[in-house]
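Laboratory data are not the source of any read-out in this text; all were calculated from the coordinates shown. All values derive from a computational prediction rather than experimental measurement. Quick reminder, even Gly has a Cβ in these numbers, built from the backbone with ideal geometry, and neighbours come from all protein chains shown.
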Amino acid sequence: MKMRFICYNESSKGFIIDGSSVSWRDAQSFCRQHHTDLTSVRNQTENQQIQKIMNDKNISKVWIGLFSDSWEWSDESNSTFRYWGLNQPNINGSSEDCTAVRLKDQSQWHDVLCSPSLTFVCYEDNLILIQMNLSWSEALRYCRENHVDLVSVDSEEIRFMVTKVIHRSSTDAVWMGLRHSCAVGLWFWVNGEMVCYQNWAPGNETAVDDCDHEGKSGAVQSGRDHRWISLPESQQLNFICIRK
C-alpha cells in the first residue's frame, strides 16, 4: 500500500501534505532532513487537524511519530496524549512497532509494521539550529542577516520548540538571544522582552560577578533537562535562529 506524508508547520498550526509514500524510518529521516521531525500529537485538536486533511485529500492512513520503545515520540517530546483504536496497541508477536492514523476508524491510532509505504506527518517549527560554532555576537549577526533573530525563549511554548531542534547540536550548549546588562544588572531578550519565563540551571541566573571584563550571554544546555547557563560571549557555540 502506498501512502503519502503530511508536514506540520508549528508556527501556523497547519499541516502541509506531500506526495511521497515511504516506510516509517524513511519518513522519520525525511522529516528530520527537510523539516523538524515526524509529528507528535499533543491533543485531540491536533488529531482532528490530521483527520480533516485526510478527509480533504482522500488519504486512508498516515504515519505519526509514535513508535514502540515504550511507545515514545520520535522528537522525544513528553506528550502523553494517546488515541488508540479498540484493542490497540495489540501484542501479537509481529513487530508492529510503529503507529498509523486510520481515517476509517475516526482517525484512531493503530500499531502496524514499520515497513509499509505510507503518507506521513512531519512538523516544521519556525526555529532553525545552525551548526556553526560562533561567539554570541557573531551568532546574533548571522541570525539577523540570514533569518530573523536569535531565539528568545520567553514562553513554555518556545521552550518546547527549542527542545525539538536542539538534539542535533554538536556543542554541549547552544546560544539563544539572552544577554546580561551590567548597566542595570538584568538579563534581557534581544526581542525586547523582559525575562519573565525562566529555566536557569542552579546558580547561573546570578553568575555574573565581574562586569569589568567580558560580558555574559545565555545558552541552553543541549542535554540533560535543557537548562539555561551563563557563558562568556566569546565562547564558540551552535545557535538557534528564528526563521524568516
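Quick check: the angle from helix 136-146's long axis to the longest principal axis of the chain, C-alpha only, nearest 10 degrees?
50 degrees
If you add up the charges near A201, with Lys and Arg at +1 and Asp and Glu at -1, over every other residue whose beta carbon is less than 10 angstrom from its beta carbon, what do you get?
0
What do you get for the angle between helix 44-57 and the principal long axis of the chain? Use alpha-carbon atoms, 0 to 90 degrees, nearest ten.
The answer is roughly 60 degrees.
Give me the one-decimal nm value for the distance between modelled label points at F81 and D225, 7 Å along each residue's Cα-to-Cβ direction.
So the two model labels end up 2.5 nm from each other.
Find how many whole Å separate the alpha carbon centroid of the range 124-184 from the alpha carbon centroid of the range 20-74.
Taking the Cα centre of the range 124-184 as reference, the centre of the range 20-74 is 26 Å away.
Between 0 and 90 degrees, rounded to the nearest ten: what's the tilt of helix 156-165 against the longest Cα principal axis of the chain?
80 degrees
Lysine pairs in the chain 8 or more apart or on different chains: how many have alpha carbons under 30 angstrom apart?
Lysine pairs satisfying the spacing and distance rule in the chain number 24.
Return Y83, Y123 ranked ascending by Cβ neighbour count within 10 Å, so the fewest neighbours appear first.
Working: Y83 18, Y123 25.
Taking fewest neighbouring Cβ atoms as first place, the list is Y83, Y123.
Which of K244, K57 has the fewest other C-beta atoms within 10 Å, and how do the rest follow up to the most?
In order of increasing Cβ crowding within 10 Å: K244, K57.
If you work out mean projected area of the Cα convex hull in nm² from the coordinates, which of (i) 30.4; (ii) 14.2; (iii) 15.4 do you get?
(ii)
Sorting check: for 186-199, 228-241, 102-115, which peptide has the highest mean count of neighbouring beta carbons within 10 Å, and how do the rest follow?
In descending order of packing, they fall as 228-241, 102-115, 186-199.
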